[in-house]
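The values are calculated or read from the model by the stated rules, or taken from the named source; none is laboratory data. What you see is a predicted model, and the numbers here were worked out from it, not measured in a lab. No Cβ is skipped: glycine too gets one built from the backbone with ideal geometry, and neighbour counts run over all protein chains shown. With ligands, DNA and RNA removed, areas are computed over all heavy atoms of the protein, side chains included. Shrake-Rupley method; radii C 1.70, N 1.55, O 1.52, S 1.80 Å.
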Amino acid sequence: MSTAIRTDLKDPGLYEAGVPWDIFAALRRDDPVHWTPEADGAGFWSVLRHADIVEVSRQPQLFSSAYENGGHRIFNENEVGLTGAGESAIGVPFISRDPPLHTRYRKFIMPALAPGRLGDIEARIRERVARLIDAIPLGEPVNLVPLLSAPLPLMTLAELLGVSGDLWPKLYDWTNAFVGEDDPEFRQSPDAMAATLGEFFAFAQDLFDARRAEPTPDIASLLANAEVDGVPVPFRDFVGNLILVLVGGNETTRNSLSHSVAAFSAHPDQWQAIRTDRDLLKTATAEMVRFASPVMHMRRTAMADTVIGGQKVAKGDKVVLWYISGNRDEQVFAEPDRFLVARRGAAHVGFGSGQHVCVGSRLAEMQLRVAFDMLADRVTSFEVQAPPRRFRSNFINGLKNLDVNLRPA
């Protein structure tokens with residue numbers, strides 16, 4: 001058995017220096033449905049190939065995401081809570097529900113993301129991007145994460161929630177804490193986490209009370225006033241879904257943007273292709289998300305004995321879908337390790353697949369398209385100054401910083 005096959009894919013330290021692409025490639029080739037033992041659990045099946053990830057994702061009745069069966073992360077949510085912090089006041093987000101309840105929650109949110117409801121949001125995103133780029137000193141090294149990658153999606157989220165865009169730094173700190181359970185920078189101590197949660201709960205309670213008292217046409221109102229079988233959603237589930245919206249709406253766009261700038265730095269010909277032909281941006285955003293794979297995995301639980309990719313899987317087994325591997329599958333993507341903005345063809349799994357595909361994927365792609373369209377007007381090249389610091393995480397393929405020189409046009 002090779003060293004690659006013995007690697008613990010659950011270990012968050014494995015990803016701290018960079019995604020181990022060679023390990024995933026070896027597993028796709030030699031052991032594409034791979035058993036990973038756990039020191040603190042029963043072990044899990046890692047699903048590495050694109051086709052198997054899609055196949056598992058399209059069978060929610062057989063492969064459950066439900067909280068009571070462990071939820072959507074490698075750890076068991078019903079044992080340690082949604083954020084791995086043991087916080088019982090956080091309820092169950094709809095990502096940790098199975099159909100038909102999951103489908104009903106999606107229907108609560110979809111009206112807020114409909115073109116008619118969003119109206120001229122693209123124009124407002126364009127205005128935000130212009131203001132953010134105006135504040136970036138071109139031609140000198142800057143950390144792009146707090147200047148563009150983080151504020152852009154968080155300001156858009158603030159609009160969708162009906163809160164002030166000036167809150168984005170707080171939303172940034174909260175979402176980092178929610179997904180950073182393995183990173184000591186984001187989880188400095190139990191007391192610090194308790195303080196963060198207390199601050200967030202106060203924000204959520206005020207928002208919940210305000211939207212219950214006077215509903216407005218935003219996502220916060222839809223979540224606060226949702227009913228299941230005629231019973232109003234409790235505050236704790238509102239909190240769980242609010243965390244889901246914040247993390248889902250922020251992490252994917254933020255890290256896709258940062259990773260794409262790094263990719264354009266490493267592949268300057270691809271940036272010149274964008275600058276020469278802006279129509280490429282209509283489809284290039286899909287390549288940005290595929291190449292970045294900002295969410296590395298999602299987990300399911302087998303509800304019956306079954307077979308995945310020729311491998312027998314027992315009822316109750318954990319099944320981890322490694323999107324980051326599926327998006328580099330040689331059987332689906334030609335030259336999968338190359339960043340090619342003109343790539344067309346098979347759909348990536350960067351936004352998930354099947355019933356749980358990200359409800360905000362089109363909005364995420366819109367923000368990427370607008371940002372790089374406007375950057376192309378002003379920037380001839382990106383020059384990354386040093387390797388960025390990465391999240392210590394097996395879940396989010398995140399960059400804490402991106403020191404880069406934006407050469408002015």
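Summary table
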read-out	value
Residue match in region 344-357 (condition: outside any loop (DSSP other than H, G, I, E, B), farther than 14 Å from VAL289 by Cβ and in contact with a Lys or Arg (Cβ under 8 Å, 6 or more places away or on another chain))	yes
Pairs with Cβ under 8 Å, 6+ apart, first in region 349-371 and at positive phi, second of a type in the set (S, T, N, Q) and in a loop (DSSP other than H, G, I, E, B)	GLY354/GLN59
Which numbered condition ASN76 fails, given (1) surrounded by 16 or more Cβ atoms within 10 Å (Cβ to Cβ); (2) in contact (Cβ under 8 Å) with a residue 40 or more places away in the chain	(2)
First in region 124-141 and farther than 10 Å from LEU152 by Cα, second anywhere and open to solvent by 20 Å² or more (accessible area, probe 1.4 Å) and outside any helix (DSSP H, G or I), Cβ under 8 Å, 6 or more apart	LEU138/ARG407; LEU138/PRO408; GLY139/ARG407; GLY139/PRO408; PRO141/GLN385; PRO141/ASP403
Boolean, ALA304 is under 16 Å from PHE372 (Cα atoms) and in contact (Cβ under 8 Å) with a residue 40 or more places away in the chain	no
Residue match in region 153-166 (condition: within 17 Å of the chain's Cα centre (by Cα), β-branched (Val, Ile, Thr) and buried (at least 20 other Cβ atoms within 10 Å of the Cβ))	yes
Condition check for LEU280: closer than 19 Å to ARG369 by Cα, in contact (Cβ under 8 Å) with a residue 12 or more places away in the chain and within 23 Å of the chain's Cα centre (by Cα)	no
Answer from ALA42, ALA26 - the residue that is more than 17 Å from ASN394 (Cα to Cα), at pLDDT below 95 and either open to solvent by less than 20 Å² (accessible area, probe 1.4 Å) or more than 25 Å from the chain's Cα centre (by Cα) (or both)	ALA42
Failed item, numbered, when ALA286 is tested on (1) touching a residue at least 60 places away in the same chain (Cβ under 8 Å); (2) buried (at least 16 other Cβ atoms within 10 Å of the Cβ); (3) in a loop (DSSP other than H, G, I, E, B)	(3)
Search result, residues across region 398-409 that are touching a Lys or Arg at 6+ places or on another chain (Cβ under 8 Å), open to solvent by less than 10 Å² (accessible area, probe 1.4 Å) and not in a strand (DSSP E or B)	GLY398
Residue list for region 302-328, restricted to those being open to solvent by less than 10 Å² (accessible area, probe 1.4 Å) and part of a strand (DSSP E or B)	ALA302, ILE308, VAL313, VAL319, VAL320, LEU321, TRP322
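Residues checked against (1) modelled with pLDDT of 95 or more; (2) open to solvent by 50 Å² or more (accessible area, probe 1.4 Å); (3) touching a Cys at 6+ places or on another chain (Cβ under 9 Å):
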site: PHE201; (1), (2), (3): no, no, no
site: GLU214; (1), (2), (3): yes, yes, no
site: VAL228; (1), (2), (3): no, no, no
site: VAL239; (1), (2), (3): no, no, no
site: PRO268; (1), (2), (3): yes, yes, no
site: ASP277; (1), (2), (3): yes, yes, no
site: VAL295; (1), (2), (3): yes, no, yes
